[in-house]
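Only the coordinates and a few stated rules stand behind these numbers; no lab work does. Bear in mind that the values here come from a model prediction, so they are computed numbers and not experimental data. In this analysis, Cβ positions are derived from the backbone assuming ideal geometry, glycine residues included, and neighbour counts consider all displayed protein chains.
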């Protein structure tokens, strides 16, 4: 028996109301199929099934308030039991042959998994298998791409991929159907030409159950569902829809378009040049990066200040202890832990660089969740090291190595890329000598590291060759003054040129 519990609801959210159950006791459920919808004061959260089987019992009915990790339902595990229940509950039409019945009972649908908070749809990026291919349990079938992460979808069981319902490039909803696996003897179909038909079948003709809180509020205000526009799943009316009041419904309910970067008209292109060009659609991740960076420029009063740091002491310290560090901690000693520690040290002295603007308030954070920008084949992502101010050099290096590897493999969850309070970006690994990093909103500061380059420096009246690096701090001038920004960079410079200051808290 598998327990279905309330998932994490988000920062500062501790309880939710059970809005709608999509299944009833006795219904067959597949892995990642949506069981119910929870409603909080901020977001609507769908709860998927963690196993395939039969919904045995609903513990928290619609309208009940539940806390994080509270028990929602029990699912009796077993794909065979689920298939048997599904077959028993299906309307009996023409009696199928014994072979057909056997094939039908062993067919399993592959569903879109939970995509994360506030993410309701994804694009099918790549199918690793084609119709007719044999698959084993947990073997990767396809890859989905959202505007934040890539999600791999494994096979829920062994068998043959009999049908692909959502081909490459199709947009699918969380909980939607992707494919069908024939576990034994089921007929193998053809790939779907469009993902729209199965999606329409999954929702067409289904009675829409509005949120209990919305029903109660509609009764109090004397409104009917026909007067309101629902923003929940399948057009369900939520509490906030009732609070918004009656609205004129559109003639055809079309999905909201994904926000696109502002289009700039191309100049005239000759036919010869056009024939040699290749046009590739931007990925969701790249569209989101473009939109967020432009939003950052449009929203923040962004300014960049520069300094340079002599890396002699840090490089000497690293070379002296790197072998012992690796032997004891099992991870290499890099430069990022020094920069992370130096930034934490400076953030304590200039807290506004670690703060953010919320309306007319300034939110000062008594912690440092350090974002470390990482380049991946699909674009730039920023995994967050939480409570970095409490970590040692070794812990920071392990976190950076682990999250960096997972970022490159597209394995990061959305939660691991949210909540950062300050960001470090290292363009030096690609050879950048100088740049102006763009803020990662709603943060108020980002430090840009650059290439270490030997340059002649005047020290004590003599010209000497030193390994130098340019540092760039981009900051939101609405909250950070020039004095604070310069002080921050000077403190980072001092800590790196004399690492003993970090130990002495100077």
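Give the average over all directions of the projected area of the C-alpha convex hull of region 286-504, one decimal, in nm².
Details: hull surface 51.2 nm².
Convex hull of Cα atoms, orientation-averaged projection: 12.8 nm².
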Inset, instruction - Along Cα→Cβ, 7 Å out, is where each label goes; now give me the distance between the ones at residue 487 and residue 408 in nm to one decimal. - result: 4.0
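Sorted by packing (mean other beta-carbon atoms within 10 Å per residue), highest first, where do 134-141, 157-164, 358-365, 375-382 land?
Numbers: 134-141: 14.1, 157-164: 20.5, 358-365: 10.5, 375-382: 16.8.
So the order, starting with the most tightly packed, is 157-164, 375-382, 134-141, 358-365.
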